[in-house]
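A.B. asks: Dropping the structure in here first, questions after.
The values are calculated or read from the model by the stated rules, or taken from the named source; none is laboratory data. Values in this document were obtained by computation on a predicted structure and should not be read as measured data. Here the Cβ is made from the backbone with ideal geometry for all residues, glycine too, and neighbour counts use every protein chain on show. The area values use the complete protein model at the heavy-atom level, side chains included, leaving out ligands, DNA and RNA. Shrake-Rupley method; radii C 1.70, N 1.55, O 1.52, S 1.80 Å.
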Amino acid sequence: MDLKKYFVKSSLIPAIVQDHETGEVLMLAYMNEESLAKTLETGYTWFWSRSRQELWNKGATSGHVQRVIEIYGDCDDDTLLVKVEQTGAACHTGNRTCFFNRIK
């Protein structure tokens, strides 16, 4: 599969991570071509850290890994939906999801 089509508009694209069983949105992170390739190769999520400017394997230090079940590209080929089996918390705060701050 040619991954380059997802990175025509930008070298980084949003990756929405969702629990494959419940549909709960766990987090949003960014992928570049290398992190998407590593994700496909290993079966676990890899992202590009915009703050540290480096690849990171989700859960490598915390043990809160994300085993990839399915990956979908959107209709414009510029966003990914990654369905995972989440071990532990997805958020660095210890919450299951990064979306716990209700606004309304």
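A.B. asks: Name the strands (runs of 3 or more DSSP E) wholly within the chain that hold at least 1 residues that are of a type in the set (A, V, I, L, M, F, W, C) and free of Cβ contacts under 8 Å to residues at least 60 places away in the same chain?
C.D. replies: By residue number, 25-31, 46-49, 54-57, 66-73.
A.B. asks: Please go through the stretch 78-104 and pick out each residue that is within 23 Å of residue 33 (Cα to Cα) and exposed (fewer than 14 other Cβ atoms within 10 Å of the Cβ).
C.D. replies: Answer for the stretch 78-104, where residues must be within 23 Å of residue 33 (Cα to Cα) and exposed (fewer than 14 other Cβ atoms within 10 Å of the Cβ): just 85.
A.B. asks: Conditions: (1) open to solvent by 70 Å² or more (accessible area, probe 1.4 Å); (2) of a type outside the set (A, V, I, L, M); (3) touching a strand residue (DSSP E or B) at 6+ places or on another chain (Cβ under 9 Å). Residue 41 meets all but one. Number of the miss?
C.D. replies: Of the numbered conditions (1) open to solvent by 70 Å² or more (accessible area, probe 1.4 Å); (2) of a type outside the set (A, V, I, L, M); (3) touching a strand residue (DSSP E or B) at 6+ places or on another chain (Cβ under 9 Å), the odd one out for residue 41 is (3).
A.B. asks: OK, next. Any residue that is open to solvent by 30 Å² or more (accessible area, probe 1.4 Å) and more than 27 Å from residue 102 (Cβ to Cβ) - is there at least one of those in the stretch 20-35?
C.D. replies: Yes.
A.B. asks: What tally of residues in the stretch 44-56 results from selecting those that are over 14 Å from residue 67 (Cα atoms) and surrounded by 12 or more Cβ atoms within 10 Å (Cβ to Cβ)?
C.D. replies: So the answer is 4.
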